[in-house]
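Enquirer: Input: one structure, supplied below.
Rule-based calculations on the coordinates, nothing more; no lab input. On a predicted model such as this, the values are computed, not experimentally measured, just so you know. Don't worry about glycine lacking a Cβ; one is built from the backbone with ideal geometry, like all the others, and counts go over all protein chains shown.
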Amino acid sequence: MKHLTSLLDLTPDELVAILDRATELKAKFRKGDRPQLYPGRVLAQLFEKPSLRTRNSFEAAMIHLGGSGIFLTTAEAGLNGRESLPDIARVLSSFSDIITMRTFSQRLIEDVARHSSCPVINGLSDERHPCQALTDLLTLRETFDRLQDLHLVFVGDGNNVSMSLAIASAMTGMKFTLAAPHGFEFDPSFMKLLTQRYPRHKVGQCNNPREAVKNADAVYTDVWASMGQEDDADRRKKAFADFQVNESLMQAAPKSARFMHDLPAKRGLEVTDDVMDGDQSIVFQQAENRMHLAKGLFVWLLENK
Ligand code: CP
Ligand code: NVA
């Protein structure tokens, strides 16, 4: 049985198989076909943080496939000490077919996966956001018809989203550059892990966004302060002031470059309205694709159970 706690749980071939499933189900959905592959199946969602895209795209995907979803917060699940984590995982998985989780701690998701009798999917932790990165690969593949050798430039924080995109790039032969202010780059331990697993990766870092986007196929950004970092938002706003993705920065990139954002966006901070709503933006294609990717992932996981 497979889990998706991080993209590192997958092989590159498995990753492509999930994208292919998503592409196939998206084409069907476009024709009005919602194959009822999983009537009566239950998706349990355990979320410690808010979510529009992840929670609802997961639930919609399961409903489209014929199943349904139940939703639990930290307190409802008893994660506040009401009972032990292994007991929660064993009980919840005994009446669910898939568990999705959104937590602060990455370790918590891995611990639930260890004790669960059904597949566990990471729907974002402080360290990883694998479903977002898989979705972004799907969106890039739709846009450019390939992944190999594309150059994805992430202007912003070395956070959960950029780390997962760096792993996704290493797994698919893409070039990835993180342009971050000093002190907000990837942790050396993350780079070490990536190099251990994918020694030939083309993941680099710099502190100059204009230089970084020069030969970008896609320019990506995310919020400067992630969920849980609200108290640090003012310091981050100052540190990231020169890292806003605006018209001037997009003009330093090739005209063919696309703009990407996982959303939610703080318009006027990390990105301006004209870029978000401009011709180069594919942010709403990304958001829609969360649902198609979720379907592809569910089908792949349940077929491999
Ligand atoms: N991109 C993303 O994960 O959005 P939500 O936080 O709304 O789920
Ligand atoms: N880095 C952001 C992503 C939100 C989808 C956060 O963790 O809040």
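Enquirer: Largest first and in whole Å, what are the equivalent-ellipsoid semi-axes of the chain based on the Cα gyration tensor, each being the root of 5 times an eigenvalue?
Expert: 31, 22, 18
Enquirer: Continuing with this model, one more query. Normalise the Cα radius of gyration of segment 57-110 by 2.2 N^0.38 Å (N = residues in it) and let me know the number.
Expert: Rounded to two decimals, the normalised Rg is 1.21.
Enquirer: Also: Note down the nm distance, to one decimal, between modelled labels 7 Å out along Cα→Cβ at V91 and at R34.
Expert: Between V91 and R34, the label points sit 3.2 nm apart.
Enquirer: Counting other beta carbons within 10 Å of each residue's own, what order do D87, D217 fall into, fewest first?
Expert: Fewest to most other Cβ atoms nearby, the residues stand as D87, D217.
Enquirer: Taking 7 Å along the Cα-to-C-beta vector as the label spot, tell me the S248-K192 distance in nanometres, rounded to one decimal.
Expert: Label at S248, label at K192, 3.9 nm between them.
Enquirer: If you don't mind, there's one more thing I want to ask. Would you mind checking which residues have amide H under 5 Å from L4's amide H? H placed 1.01 Å from N; only 5 or more apart, or other chain.
Expert: V120, I121, N122
Enquirer: Something else about it: To the nearest 20 debye, what is the magnitude of the charge dipole of the chain about its Cα centre, counting +1 on the Cβ of each Lys and Arg and -1 on the Cβ of each Asp and Glu?
Expert: It comes to approximately 580 debye.
Enquirer: Once Rh is set to the Kirkwood radius over Cα pairs, what Stokes-Einstein translational diffusion coefficient, in µm²/s, holds for segment 143-296 at a temperature of 10 °C and a viscosity of 1.306 mPa s?
Expert: Stokes-Einstein gives a translational diffusion coefficient of 101 µm²/s.
Enquirer: Ratio of alpha-carbon Rg to the 2.2 N^0.38 Å globular estimate for segment 89-147, to two decimals, please. Don't skip to the end; give the middle numbers.
Expert: Working: Rg = 14.1 Å, N = 59, 2.2 N^0.38 = 10.4 Å.
Output field value: 1.37.
Enquirer: For segment 198-230, state which trypsin sites (Lys or Arg not before Pro) are in a DSSP loop and have at most 13 other beta carbons lying within 10 Å of their beta carbon.
Expert: In loop regions of segment 198-230 (DSSP not H, G, I, E or B), the sparsely surrounded trypsin sites (Lys or Arg not before Pro) are R200.
Enquirer: Another question, then. Between rounded, prolate and oblate, where does segment 139-227 land on the alpha carbon gyration tensor, with a ≥ b ≥ c its root eigenvalues, rounded for a/c under 1.5, else prolate if a/b exceeds b/c?
Expert: Numbers: a/c = 1.56, a/b = 1.15, b/c = 1.36.
The shape class here is oblate.
Enquirer: Label-point separation (nm) for R200 and D9, each offset 7 Å from Cα along Cα-to-Cβ?
Expert: Taking the simple label geometry, R200 and D9 are separated by 2.7 nm.
Enquirer: So how much slack lies between Q148 and S256, counting 0.36 nm per residue of separation and subtracting their Cα-Cα distance, in nm?
Expert: The Q148-S256 span can extend by a further 37.2 nm.
Enquirer: Taking amide H positions as placed in the peptide plane 1.01 Å from N, state which residues far from N246 in sequence (5 or more) or on other chains have amide H under 5 Å from it.
Expert: Long-range HN contacts for N246: none found.
Enquirer: Still on this structure, please answer the following. Cut-off 10 angstrom, C-alpha nodes, Gaussian network model of the chain. Which of M62, M191, M171 fluctuates the most?
Expert: Sorting by GNM fluctuation, first place goes to M191.
Enquirer: Hey, another quick one. How much FRET efficiency would the formula 1/(1 + (r/R0)^6) give for S68 and D274, where r is the Cβ-Cβ distance and R0 is 51 Å, rounded to 0.05?
Expert: 0.80
Enquirer: Now, a different point. Would you mind getting me the FRET efficiency between K214 and K2? Use the beta-carbon distance for r and R0 = 41 Å, nearest 0.05.
Expert: The calculated FRET efficiency here is 0.60.
Enquirer: At 25 °C and 0.890 mPa s, grab the translational diffusion coefficient of segment 1-55 from Stokes-Einstein with a Kirkwood Rh over Cα pairs, rounded to a whole number in µm² per second.
Expert: This corresponds to a translational diffusion coefficient of 174 µm²/s.
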